[in-house]
Amino acid sequence: MAIAWFPTVEAAQEAARATGRLVLLQFHSPH
Amino acid sequence: MHRETVPVQVDVLTDRARTKGLRVPWTPTFVFVDAEGVEHHRFVGYLPADEFRAQVVLARAREAFLKGRYDEARRRYADLVYRFPSTDAAPESVYWTGVCDFKLTKDLERLYAACRETARRYPNHVWGKKLAFVP
């Protein structure tokens, strides 16, 4: 499953508000 | 997944405020929040595809339940059980389907029936064990 990550949390929240979806935050560490 | 959620990655090393604010102690942690930032569900660790998809449905069902949309919550819990019956999220979804029935009808027998079904279908799962006492 290829995931299209939103660039920022704020953009994701805006998209969620506009479409009635939830924001899925994946907390990760790059190291 | 994209039909139900808007996915975004949070780097715990650079976004410490959000990481601390949502009390995320380890990675990977997946947190489902609504547009207002209210958390509805989370889990820690990567999951196989079906388990992951089931968790997404569970998050949507919980959100609907917590916001009092019991018809929608029931539909989502039942959908989870139908599509992902062997996942770890299925047993509690059988139970919550019954809770939604009770909320919608005030008929306790509907809730008890869901309890019995959970215990019968999933006797070795923690939710089946929780509900095994229901006669």
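Descriptive notes on the structure:
- Residue, surrounded by the most Cβ atoms within 10 Å (Cβ to Cβ), within the range B:55-65, restricted to residues that are among the charged types (D, E, K, R) and facing chain A (nearest Cβ under 8 Å): B:Arg60
- Residues (surrounded by 15 or more Cβ atoms within 10 Å (Cβ to Cβ) and either more than 7 Å from chain B (Cβ to nearest Cβ) or assigned to a strand (DSSP E or B) (or both)) located in the range A:1-27: A:Phe6, A:Glu14, A:Leu22, A:Val23, A:Leu24, A:Leu25, A:Gln26, A:Phe27
- Filter result (under 22 Å from B:Glu72 (Cβ atoms) and of a type in the set (Ser, Thr, Tyr)) within the range B:1-26: B:Thr5
- When we screen B:Ala73, B:Ala78 for residues that are assigned to a helix (DSSP H, G or I), among the small types (Gly, Ala, Ser) and buried (at least 20 other Cβ atoms within 10 Å of the Cβ), the only hit is B:Ala73.
- Annotation: of all residues in the range B:1-14 being charged (D, E, K, R) and part of a loop (DSSP other than H, G, I, E, B), the one that is nearest to B:Pro91 (Cα to Cα) is B:Glu4.
- Check on B:Ala17, within 24 Å of A:Trp5 (Cβ to Cβ), touching a residue at least 12 places away in the same chain (Cβ under 8 Å) and assigned to a helix (DSSP H, G or I): no
- Hits in the range B:16-31 (condition: more than 8 Å from chain A (Cβ to nearest Cβ) and surrounded by 15 or more Cβ atoms within 10 Å (Cβ to Cβ)): none
- Residues in the range B:32-54 that are at the interface with chain A (Cβ under 9 Å from one of its Cβ atoms), among the aliphatic types (A, V, I, L, M) and either touching a residue at least 40 places away in the same chain (Cβ under 8 Å) or not in a loop (DSSP other than H, G, I, E, B) (or both): B:Val33, B:Ala49.
Read-outs: derived from the displayed coordinates by stated rules, not from any lab. Bear in mind the structure is a predicted one, so any value in this text is a computation, not a measurement. With ideal geometry, Cβ positions are generated from the backbone for all residues, glycine too; neighbour counts draw on all protein chains shown.
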